[in-house]
Amino acid sequence: MSKNNDLWYTLNPDDVLNKFSSGDSGLKDSQVDSLQKKYGLNELPKEKPLEWWSVLYGQFTSPLISILAVAAGISFALGEMVDAGVIAAAVLLNTIIGFVQEFKASRALEQLQSLVQPNALVLRAGKKIKVKAQELVPGDILILNTGDQVTADARLIQLQELKINEAALTGESMAVDKTIKPLDKGVVLADRTNMVYAGTSVVGGRAQAVVVATGINTQIGEIAKLVSTTEEVKTPLQEQLARLSKWIAILVGVITVGLFVLGVFMGHGLVEMFE
């Protein structure tokens with residue numbers, strides 16, 4: 001039963017509890033076991049990030065960078081240390097900037113996973129217990145206090161002056177005042193004041209909320225799914241730069257060969273023209 005199939009924010013707290021066969025005292029141990037088998041662990045998808053050497057190698061696939069690298073090598077072999085140094089510095093600077101940007105981007109999933117804290121306080125069989133966040137299941141009653149991170153998507157059932165920072169999810173920097181009352185269908189995510197979401201944090205007050213979605217079915221899980229499945233697409237600027245690099249490489253090659261042939265035809269030595 002995922003959040004995508006039910007408009008939890010439109011239901012009364014009792015109706016949400018009934019849908020999961022839960023109650024004011026939370027789930028029983030036998031219910032937790034069966035729900036864990038049904039929904040799996042409350043964790044985001046894990047992908048092996050690109051190795052640093054793979055990201056570094058990718059910086060040298062540009063035709064223009066390849067030409068510059070070859071030019072630096074030839075200049076060094078010919079003893080032109082100043083030329084070789086200037087070209088090598090340009091290649092090194094480009095490589096460092098590109099490597100840092102792409103390496104950070106490749107760790108996007110890890111950054112999302114870091115938003116979810118490892119433990120959660122829940123009410124099960126009438127007792128408050130601390131469990132691993134990955135063991136939460138739909139129907140669990142989360143107990144939230146100031147300073148806690150929310151570890152799953154949940155419908156609020158009790159609260160006292162609850163304020164939630166949802167910047168990680170909605171981009172809104174101001175804390176959101178939460179309520180319990182049901183909302184009309186069609187309310188956008190940022191205005192669902194009776195819900196709390198994984199990856200957000202409690203900045204004031206306290207509350208209890210029944211978990212309605214875990215893992216990949218949470219809102220932050222949807223973002224993680226998009227990150228892990230979206231293919232990297234070059235921007236128009238990147239495509240234009242790639243075309244420009246290609247044409248520069250062709251133009252340089254044609255001019256170089258033309259000058260070499262012309263110089264030899266005019267009686268200059270092969271070594272002189274090569275230099």
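Some values worked out for this structure:
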read-out: Matching residues, the range 201-239, being part of a helix (DSSP H, G or I) and either among the charged types (D, E, K, R) or at pLDDT 90 or above (or both); value: 217, 219, 222, 225, 239
read-out: Segments classed as strands (runs of 3 or more DSSP E), wholly inside the range 87-200, with at least 3 members that are more than 22 Å from residue 45 (Cα to Cα), modelled with pLDDT of 95 or more and not polar (S, T, N, Q); value: 141-145, 153-165
read-out: Residue that is nearest to residue 25 (Cα to Cα), among those in the range 215-229 that are touching a residue at least 60 places away in the same chain (Cβ under 8 Å) and open to solvent by 10 Å² or more (accessible area, probe 1.4 Å); value: 217
read-out: Selection count where residues are surrounded by 15 or more Cβ atoms within 10 Å (Cβ to Cβ) and among the polar types (S, T, N, Q), scope the range 145-157; value: 2
read-out: Complete set of residues in the range 126-136 that are small (Gly, Ala, Ser) and within 20 Å of residue 212 (Cβ to Cβ); value: 133
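The rows are residues; the columns are (1) open to solvent by 30 Å² or more (accessible area, probe 1.4 Å); (2) within 30 Å of residue 21 (Cβ to Cβ).
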position: 166; (1), (2): no, yes
position: 174; (1), (2): yes, no
position: 181; (1), (2): yes, yes
position: 190; (1), (2): yes, no
position: 194; (1), (2): no, yes
position: 198; (1), (2): no, yes
position: 201; (1), (2): yes, yes
position: 205; (1), (2): no, yes
position: 211; (1), (2): no, yes
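The values are calculated or read from the model by the stated rules, or taken from the named source; none is laboratory data. Because the structure is a prediction, the values reported are computed rather than measured. Cβ coordinates were reconstructed from backbone atoms using ideal geometry, including for glycine residues, and neighbour counts include every protein chain displayed. Note: areas computed on protein heavy atoms with side chains; ligands, DNA, RNA excluded. Shrake-Rupley method; radii C 1.70, N 1.55, O 1.52, S 1.80 Å.
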